[in-house]
1. For the list (1) outside any strand (DSSP E or B); (2) closer than 21 Å to residue 244 by Cβ; (3) in contact (Cβ under 8 Å) with a residue 60 or more places away in the chain, I need the number of the one condition that residue 104 fails.
2. Which of the residues belonging to region 162-183 are touching a helix residue (DSSP H, G or I) at 6+ places or on another chain (Cβ under 9 Å), over 20 Å from residue 218 (Cβ atoms) and at pLDDT 80 or above?
3. Please work out which residue is surrounded by the most Cβ atoms within 10 Å (Cβ to Cβ), limiting yourself to region 177-229 and to residues that are free of Cβ contacts under 8 Å to residues at least 60 places away in the same chain and not in a helix (DSSP H, G or I).
4. Can you name the residue in region 60-75 that is within 27 Å of residue 310 (Cβ to Cβ) and touching a residue at least 40 places away in the same chain (Cβ under 8 Å) and is also surrounded by the fewest Cβ atoms within 10 Å (Cβ to Cβ) among such residues?
5. Any idea how many residues of region 121-142 are touching a residue at least 40 places away in the same chain (Cβ under 8 Å) and not in a strand (DSSP E or B)?
6. Among the residues of region 266-311, which ones are in a helix (DSSP H, G or I), out of contact with any strand residue (DSSP E or B) (no Cβ under 8 Å at 6 or more places or on another chain) and more than 23 Å from residue 86 (Cα to Cα)?
7. Quick check on region 76-100: of everything there that is under 17 Å from the mean Cα position of the chain (by Cα) and assigned to a loop (DSSP other than H, G, I, E, B), which residue is surrounded by the fewest Cβ atoms within 10 Å (Cβ to Cβ)?
8. Go through region 145-176 and report how many residues are surrounded by 20 or more Cβ atoms within 10 Å (Cβ to Cβ) and free of Cβ contacts under 8 Å to residues at least 40 places away in the same chain.
């Protein structure tokens with residue numbers, strides 16, 4: 001092969017990844033622009049530890065605090081809120097690093113950092129105590145906060161919660177966020193198809209993964225600073241406190257999707273064994289997000305448990 005042809009081949013090989021980068025390059029969306037689609041009524045905003053936090057506060061009664069997972073936002077709890085606000089005061093924030101709340105000023109996405117955030121958030125809202133429910137990362141934050149503030153967390157609901165070690169990363173996005181060079185590209189290069197792929201992994205029923213659902217997650221990630229915050233969060237060292245679960249003396253309900261491909265259902269059994277007196281309910285044919293995939297059923301399961309436990 002002539003040197004000219006070799007040169008053409010080399011240039012072609014270089015041009016393809018560059019073309020893909022240009023094609024999937026997406027600018028950040030200013031938070032004020034996103035408020036029109038993700039932050040309309042009944043959304044509210046409040047200052048907590050130097051950060052403007054997006055949240056919704058609906059219903060009356062005993063407080064139920066809802067914490068979403070990685071890459072998600074408060075909209076994951078819409079079905080739960082529709083059901084549970086008839087009995088409870090349901091509060092759901094966009095956690096730091098996600099949604100309209102965006103990146104934390106100090107870039108601290110450790111469990112200790114999230115516990116400090118929850119203390120400040122509840123203080124700002126004048127909430128002394130509450131039941132806390134969390135999914136995935138939100139579940140990990142919930143049980144860490146229960147360890148830190150057992151006086152404040154009166155009931156605990158863990159939904160496909162993280163905490164026990166996994167064999168590898170749960171999804172391609174997590175793997176990419178841990179890969180040198182690639183993780184820097186992720187702060188600007190964002191294939192929308194990656195979000196559809198991830199949602200098809202966390203939903204057991206693929207027909208529920210609609211274009212509007214993909215758009216919701218995609219737009220939320222494009223909020224200014226969120227892609228860098230996602231990388232920062234994924235690269236934050238894991239907590240070493242899992243053995244402390246045996247210290248919890250809080251009524252705890254554990255909900256799990258039987259077909260969870262990110263955090264297998266046997267992790268629910270491990271939480272049940274670790275937390276004395278806890279109750280485990282596994283939903284066959286459901287994935288990683290029961291609060292979305294079977295919103296009404298999982299909300300009613302939670303309501304029944306909270307009522308029976310006196311909350």
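The values are calculated or read from the model by the stated rules, or taken from the named source; none is laboratory data. Keep in mind the model is a prediction, meaning the values are calculated, not measured. A quick note on method: Cβ atoms are made from the backbone with ideal geometry, for glycine too, and the neighbour counts reach across all protein chains shown.
1. It fails just one condition, (2).
2. Answer for region 162-183, where residues must be touching a helix residue (DSSP H, G or I) at 6+ places or on another chain (Cβ under 9 Å), over 20 Å from residue 218 (Cβ atoms) and at pLDDT 80 or above: 162, 163, 164, 165, 166, 178.
3. Across region 177-229, the extreme among qualifying residues is 186.
4. Ranking the candidates gives 62 first.
5. 13
6. 266, 270, 273, 274
7. Top of the filtered list is 100.
8. Residues in region 145-176 being surrounded by 20 or more Cβ atoms within 10 Å (Cβ to Cβ) and free of Cβ contacts under 8 Å to residues at least 40 places away in the same chain: 1 in total.
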